[in-house]
Amino acid sequence: MLVCASCKTAFPVDRPRWRCECGSYLVLSASGMFSPGDLAGRPASLWRYREALGIEDSTPAVTLGEGFTPLADATLDGFPLKLKLDFLCPTGSYKDRGSAVMITRFKSWGVSEILEDSSGNAGASIAAYAALAGIRANIYIPQSASAGKAAQISMYGARLVKVPGTRADTARAAWNAASDIFYASHNWSPYFLAGMKTAAYEIAEQSAWNTPDWVVVPVGGGGLLAGLYLGFSDLLKAGIIRSMPRLAAVQSANCDPVYRAWLQGLSDVPGAEPKPTAAEGIAVAQPVRGKAILEAIRGSNGVVRTVADDLIWDSVEALGRQGVYVEPTAAVAPSALAAMRKEGLIAAADRVVVILTGSGLKATDKVVEHYAAQEPAMAGSGAPMHRV
Ligand SMILES: [Zn+2]
């Protein structure tokens, strides 16, 4: 069943629907659960957890082998931690977890054309899986989105619409067009969220079901954070793990509506006026799932932190020196760690997992732009561009 998060009206899962008549988003109820003993021999993708995805066995998966990304050992600021390399999903971002499950459902519904708005990564991901499923895709992105993401969307054969202004302007333009075409928003779809849960299942399985103390993620729309909380909650409920990791949500200081709502003890997230940030992927002024985000943070005894853009760029560099090239949005999560350790929030012995969400290759134009503006004499000279 699809159940309204607000008025609790229930809808069957066998026909297309993206929200309740009352205007609220839908949640997927009564999905099943896998047992760890059954996983041996299953594919090394998120489909190994199919029982928990709300997709029947008889429905063919639209898949490129997404998920089951490495959980790699690394050292940042002198401390060991684990990096979940989710930018190694097929389109270069963790969004493939949601797209694969959502597009699988759309195909089973017989949906022939969809519309999506995104800062870029979700649009590219949904365009890829729509192409695979033979579904026409219309993708709205901000004019300012990274060139790599826009090129990707076009190469997947989607109709790309660039909207001037903010991320919110892009959402509004898509919203207006959604009266004619099925709205496939990743921020609304319960199936997209079901796909996000698999990040929690993987971290748990790759840790031999001995969950870490902290899982640190960047937060904009909050799909990954809400999905992690649901996923770890599923595992706790089924008795597969014994403790819930603390979830740390990190936002850009230039767009921090979740941080403010959390500080003020609110139960939902009011809109904020965002300023430009290098973390384009999380520049969301008002997340649709505000309540779920705050529940995930409080329910896991988690925290919200914000980071300034210069710290984000420092993390892009620090990860690069570990052989890991991510986009600035993905570097937001690790850039909060040093302050959290200094506060005593993260103890030296704590086991920390940081999810790295998007590949640096998508945002190479922004990386070049940033360092060219900083050191014009160095750019293009073949000299190292970093400051250290
Ligand atoms: Zn409703």
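The values are calculated or read from the model by the stated rules, or taken from the named source; none is laboratory data. Everything quoted here is computed from the prediction, not taken from an experiment. Cβ: placed from backbone, ideal geometry, glycine included. Neighbour counts: every protein chain shown. Note: accessible area is taken over every heavy atom of the protein model, side chains too, but ligands, DNA and RNA are not part of it. Shrake-Rupley method; radii C 1.70, N 1.55, O 1.52, S 1.80 Å.
Within the range 23-56, the set of residues being among the hydrophobic types (A, V, I, L, M, F, W, C), buried (at least 17 other Cβ atoms within 10 Å of the Cβ) and assigned to a loop (DSSP other than H, G, I, E, B) comprises 34, 53, 55. Any residue that is of a type in the set (A, V, I, L, M, F, W, C), part of a loop (DSSP other than H, G, I, E, B) and surrounded by fewer than 18 Cβ atoms within 10 Å (Cβ to Cβ) - is there at least one of those in the range 243-251? The answer is no, given that none of the residues of the range 243-251 is of a type in the set (A, V, I, L, M, F, W, C), part of a loop (DSSP other than H, G, I, E, B) and surrounded by fewer than 18 Cβ atoms within 10 Å (Cβ to Cβ).
Taking the range 178-206 as the range and being touching a helix residue (DSSP H, G or I) at 6+ places or on another chain (Cβ under 8 Å), in a helix (DSSP H, G or I) and over 19 Å from residue 35 (Cβ atoms) as the test, the residues that pass are 191, 192, 193, 195, 196, 199.
Residues checked against (1) over 30 Å from residue 1 (Cβ atoms); (2) at pLDDT 95 or above:
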| residue | (1), (2) |
| --- | --- |
| 57 | no, no |
| 83 | yes, yes |
| 117 | no, no |
| 136 | no, yes |
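Out of everything in the range 1-22 that is open to solvent by less than 50 Å² (accessible area, probe 1.4 Å) and within 7 Å of the ligand (Cβ to nearest atom), what residue ends up being nearest to residue 54 (Cα to Cα)? Here the answer is 4. Do we find that residue 211 is among the hydroxyl-bearing types (Ser, Thr, Tyr) and in the same structural domain as residue 290 (by TED's automatic domain parsing) in this structure? Yes: the conditions hold for residue 211. Between 54, 41, 32, 37, the distinction of being away from the ligand (no atom under 16 Å from the Cβ) and touching a strand residue (DSSP E or B) at 6+ places or on another chain (Cβ under 6 Å) belongs to 54 only.
The set of residues in the range 1-12 that are in a loop (DSSP other than H, G, I, E, B) and in contact (Cβ under 8 Å) with a residue 60 or more places away in the chain contains only 5.
If the condition is being of a type in the set (A, V, I, L, M) and touching a helix residue (DSSP H, G or I) at 6+ places or on another chain (Cβ under 6 Å), then the range 23-38 contributes 26, 27, 28, 33. Applying the set (1) assigned by TED's automatic domain parsing to the domain that holds residue 138; (2) under 26 Å from residue 270 (Cβ atoms) to residue 253 leaves exactly one unmet item: (1).
Pairing each residue of the range 17-42 that is among the small types (Gly, Ala, Ser) with any residue that is open to solvent by 50 Å² or more (accessible area, probe 1.4 Å) and within 16 Å of the ligand (Cβ to nearest atom), provided the two are 6+ apart or on different chains, yields C-beta distances under 6 Å for 24/6; 29/1. All of 87, 79, 106, 68 fail the test of being among the aromatic types (Phe, Trp, Tyr) and more than 23 Å from residue 325 (Cα to Cα), apart from 106. When residue 301 is tested against (1) in contact (Cβ under 8 Å) with a residue 40 or more places away in the chain; (2) within 25 Å of residue 359 (Cβ to Cβ); (3) not β-branched (Val, Ile, Thr), only condition (2) is not met. With respect to the conditions (1) open to solvent by 20 Å² or more (accessible area, probe 1.4 Å); (2) part of a loop (DSSP other than H, G, I, E, B), residue 269 falls short on a single one, namely (1).
The residues of the range 181-217 that are under 17 Å from the mean Cα position of the chain (by Cα) and among the β-branched types (Val, Ile, Thr), listed by number, are 198, 203, 215, 216, 217.
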